[in-house]
1. Leaving ligands, DNA and RNA out of it, report the carbon-plus-sulfur percent of the accessible area of the chain at a 1.4 Å probe.
2. Nearest 20 debye, what's the magnitude of the dipole of region 170-269 about its Cα centre given +1 on Lys and Arg Cβ and -1 on Asp and Glu Cβ?
3. From the phi angles alone, apply the Karplus equation (6.51, -1.76, 1.60; θ = phi - 60°) to region 117-123 and give each ³J(HN,Hα) in whole Hz, x where the residue is Gly or Pro.
4. Straight-line reach from Lys214: which lysines have Cα under 18 Å away, leaving out those fewer than 8 places along the same chain?
5. Give me the angle, in degrees from 0 to 90, between the Cα long axis of helix 235-244 and the longest principal axis of the Cα atoms of the chain, rounded to the nearest 10.
6. For n ≥ 4 DSSP H runs only, could you compute -39500 (n - 2.57) per run for the chain, divide by its residues and tell me the 222 nm figure to the nearest 500?
7. Determine the sum of side-chain charges near Gly91: Lys and Arg each +1, Asp and Glu each -1, restricted to other residues whose C-beta is under 15 angstrom from that of Gly91.
8. When the Karplus curve 6.51 cos²θ - 1.76 cosθ + 1.60 is applied with θ = phi - 60°, which whole-Hz ³J(HN,Hα) does each residue of region 53-70 get, with x for Gly and Pro?
Amino acid sequence: MRGVFVDANEALAVIMERLEKPGDPKVRIHRDPDIKPEQYPEILDGAEIAIVDHTALPTEVAKKCTGLKHVVFLGTGARSYMNPEELAELGISVHLIKGYGDTAVAESAIALMWASARVIAMMDREMRAGSWLREDGMQLTGKTLGLIGFGGIAAEVARIASGSGMKVIAWNRSPKSHASVEFTDLDTVLAKSDVVSLHLLLNDETRGMITREKIFAMKPGVILVNTARAAIVDEAAMIDALKSGHIRHAGLDVFNIEPLPADHPLTKIPNVTLSAHSAFRTPEASENLIEAAWVHCRRIVKG
């Protein structure tokens, strides 16, 4: 059984090679992170396993990938790139990797929160342009952080935020408990939080879940942080709330269109801090990610 890492950047390729063990299934590394979906059949060349970092795999393209039986997706957000149910009907199983970057993403969410509270990116831009902008920031000690969704990443966010003197409340679709976190209903989280941070997987239930109504149910002057998936939020409503000041500032790592076009409305709004879907990108997380991919490949081959 053969595998192909179809869209490896150089850093992940090097880790993939280093973590290979004697007796592992043969995995060819295609060192090109910018492939197009229509290249899948040629790149896979009949291989049974596709290791995918970020390239969309439309169902119509998958039908042309003779021999493909398994997709090892490097992360949890495969639904943003493919339809697992449609692939399953073709006999292709999609395998996810969870937990590899919980600390990395949590630290990024915290960084976006603090940068948003103290408008650091805004002052940086203004100073580089020759303006001595001095803005009042939001002091976060004693403020309430509301977490929507509570998995491994949110637990790490709660740990860091609690240690910095914030009160942490949370809502999750299934019952959870965690030290120093008060679990409550979604309406309460929206109404009481000075900062709202999203930590949900994207699926049919969560797509568009943060509606215009929910955005304007948030406390006026709220900070919104999203390191999950952009499609969870009504983007147009969020932009309106940013322009009106209802949302004081947003720290965003995820977008409906990636890469984010230079002329996108979010690039024109001053009270937004942007990062390029890179919350998970640390050497430690990459190591965990590729090791987990190898574990999937070994398990698949053993049946």
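The values are calculated or read from the model by the stated rules, or taken from the named source; none is laboratory data. Worth saying up front: this structure is predicted, and the values here are computed from it rather than measured. Cβ placement follows ideal geometry from the backbone for every residue including glycine, while neighbour counts extend to all protein chains displayed. Protein only, heavy atoms only, side chains kept; ligands, DNA and RNA dropped before computing areas. Shrake-Rupley method; radii C 1.70, N 1.55, O 1.52, S 1.80 Å.
1. 52
2. Computed about the Cα centre, the dipole is about 180 debye.
3. Running phi through 6.51 cos²θ - 1.76 cosθ + 1.60 with θ = phi - 60° gives 5, 9, 6, 5, 5, 5, 5 Hz.
4. Lys192, Lys243
5. Result, in degrees: 20.
6. Here the helix-only value at 222 nm equals -9500 deg cm²/dmol.
7. Cβ neighbours under 15 Å give a net charge of -1.
8. Going residue by residue, I get 8, 7, 8, 4, 10, x, 4, 5, 6, 4, 4, 8, 8, 4, x, 5, 10, 9 Hz, with x marking Gly and Pro.
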